[in-house]
Amino acid sequence: MTTNTLTGTSTIPYAKLTLSETNVRKTNGDTGIAALAASIAEHGLIQPLIVSAATPKKTKYAVHAGGRRWRAIGMLIEAGTLPKDYAVEVRIVDSEAAAAREISLAENLLRENMTPADEASAYRDIVASGASAEDVARRFGVTVRHVHGRLRLADLAAPIFAALSDGAITLDVAMAYGSVSDHACQIAAWERLSTSWQGDNPQAIRRAINAESLSASDPVALLVGEADYLAAGGRIERDLFAGEGAGTWLDVALAQNLAMQKLTFEAEVAQLATKLGWVKPLLTTRVSYDDTRDLSGYYPDYAQPTGEAADRIVQIEDRIDAIDDAVQDMEDAGIEDDETGTAYDALCDEREALSIELTRIAKASPIIPDEVLPTLGTFMILSPDGKPVLLDSYYAPAKPARSGQGKSSQTDTAEAGQDDAAQGDGADGHAALPRSLEEQLAKDRRDILALHVAHNPALALDLAIFSLARDHAGHWGYNDTGCSIRITDRAEPAGLRDIPASTAADDVAALRGALPDDWTQDDDSFASFLAFRALDEETRAAWLAYAVSQSLKASLASGSFANGFQSQLGAMLGIDTCQHWRPGAERFFDRLKKSQILTVLGHIDPAMPGRYATAKKGELASAATKLCAGEAIVEPAIKQRALTWVPDVMAFGDTGHDVSSDIDTDTANDTPDPAITEADDNAEGEAIADEDDVDYDRGAWQTVKADADAAGSDLAQAA
């Protein structure tokens, strides 16, 4: 075995050196060359190249080890930093055959890069000797930002830097701890996380660090103000490029204390102005469930805006219509998918802001009896820009649940609508619905419930007597049933414009058209009353049911139109919304954003969002409409889900009150809902594949109506 030996050090002109073909480094040869060149220019060539005489040209020398240094020197010669005849220090190997590859391999495998901890310590020592970060960056061919980052690592709290030096934590973990320079914050996060399963998770560490500090853009910081915080002894850490009003606040408890003082003062002022029983300040941007779990929601009526407010509502509605048209045009043209365009996003943001303003104006004048005000309260929270905000939601102490029953309807209403009111979520927990669409859904849901009440005289009579008697039973005129026992303004709320009537509205109108109204022709009220009394009992009962049905207000399962009483009433009747309402293009999908339509399709078939991701909004709305109407050619299971899908806010789900015991045999016979009949026919839970089995059967409903009318006659006789 031949042993390869190296001669002593000598110099060879750069022009006589060439890279050996046997050098093992074939990739990343140019990586970091600029930094290496800067180091050679500053410090010279620290380690000589290893070369051998090249064959067949003996005047040339092949570089076996040091190819990157050879490239760096060439870069300096080309830039004019070094002369063209620069003499390079080398060691010449006496055998170039197999030994050349072994020497090159040994040098590249055995060399270890400097660890981040060692590099940080070296930079710290150089800076301590008087050099600047810029000097260090220039000498070693790195960026100033890189030097600052390593200096921040060198300033880590002792146990964290020791862990980095020992290899117990990675560079990413160390950098996460170094996101703030305050050692107290670092140690607090280190003690909490270093021994936990999140000890190697940089994101978790940054969250822990942030919990020990406060961003200058945090709502709490914006409320306090930098001047007051500094005056109270607070500390602010700013990076190299941060200006006034930026940085990290290190004394979180101090900032929160100052903020609470300011917010409490604002809450006290608001309580005096509103005459409420309490206004609780919260240093958050939303009200959580825990804050309201022991409260019940109070939903007042609101006075109609007049004067400037009414004019502003008209302006907002007109502008929203214009934005909707512009957004539709952009979506049809595919502009919303253009990452370089900002007009689409700007219009969407403007529309959201206008919707919020519209809601605020509509709720500007709540009608609350003076005797009720002291029992109510609300919360004062922070806006994202640090402004105190008084919620327009009202709360009262929750009523205790009766024995054998669930929560009171008022409590149910509060819990059903609380998260929606606080977070601004819309149908199905996704982006908020447009206000006009929400209003229309509330009216559609009201018509569905009204149709069932109109076909159930027994229930209508109970509702009428209950509502009239309740005012004299200790409720001080308070009514949370959404049933006013008077013909309400059916056009309120406004809802959508120029859309076809819903199936339920048509059915209610047909029912009204079938009722005799000759008794109303006499101008004398008493004579008209006598004519009404002369009607047969069945007709009077039908008029009772219809009149009570028209007293219902628009409602939804959650949100600003939430009404727990009506939700439980519909659940008691077993109402299946999908039997009377389907989401069409004009009355639903056209009003949603493209992402919201895709979310709906995802509920029906998880594969559909990907399939329709590139479709225009108009095409998407049309496809969704056909799917939910049962007109699309899809698998039976998907078709069944599409035919039964409705937004959560439209459903009449059980809100916690056990209603099964409230339905006696007679009442159940009075209300043979087609959805219930179909459920009985499919008791084994088999999937319904035939479209005729799931479509709304108007003839079957007319049969149900006849049965209900017959039952109503018995009721009227008993009454």
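The values are calculated or read from the model by the stated rules, or taken from the named source; none is laboratory data. Keep in mind that what you see is a predicted model, and the values were worked out from it rather than measured. Ideal geometry is used to build each Cβ from the backbone, glycine not excepted, and the neighbour counts take in all protein chains shown.
In the stretch 295-314, of all residues being over 29 Å from the mean Cα position of the chain (by Cα) and part of a loop (DSSP other than H, G, I, E, B), the one that is farthest from P434 (Cα to Cα) corresponds to G307. When the test is whether a residue is assigned to a helix (DSSP H, G or I), touching a helix residue (DSSP H, G or I) at 6+ places or on another chain (Cβ under 9 Å) and modelled with pLDDT under 85, E317 does not pass it. Scoring A541 on the criteria (1) among the hydrophobic types (A, V, I, L, M, F, W, C); (2) in contact with a Phe, Trp or Tyr (Cβ under 9 Å, 6 or more places away or on another chain); (3) part of a helix (DSSP H, G or I) leaves a single failure, condition (2). Candidates are the residues of the stretch 1-59 that are in a strand (DSSP E or B) and at pLDDT below 60; the one that is nearest to the chain's Cα centre (by Cα) is L6. Kindly evaluate G564 against the criterion of being surrounded by fewer than 18 Cβ atoms within 10 Å (Cβ to Cβ) and at pLDDT below 90. In short, no. Does the stretch 209-221 contain at least one residue that is exposed (fewer than 13 other Cβ atoms within 10 Å of the Cβ) and at pLDDT 75 or above? No: the stretch 209-221 contains no residue that is exposed (fewer than 13 other Cβ atoms within 10 Å of the Cβ) and at pLDDT 75 or above. Going through (1) over 23 Å from the mean Cα position of the chain (by Cα); (2) over 24 Å from E438 (Cβ atoms); (3) outside any helix (DSSP H, G or I) one by one, E619 falls short only on (3).
Annotation note: of A176, A184, A137, A120, the sole residue that is of a type in the set (G, A, S) and either at pLDDT 85 or above or out of contact with any helix residue (DSSP H, G or I) (no Cβ under 6 Å at 6 or more places or on another chain) (or both) is A184.
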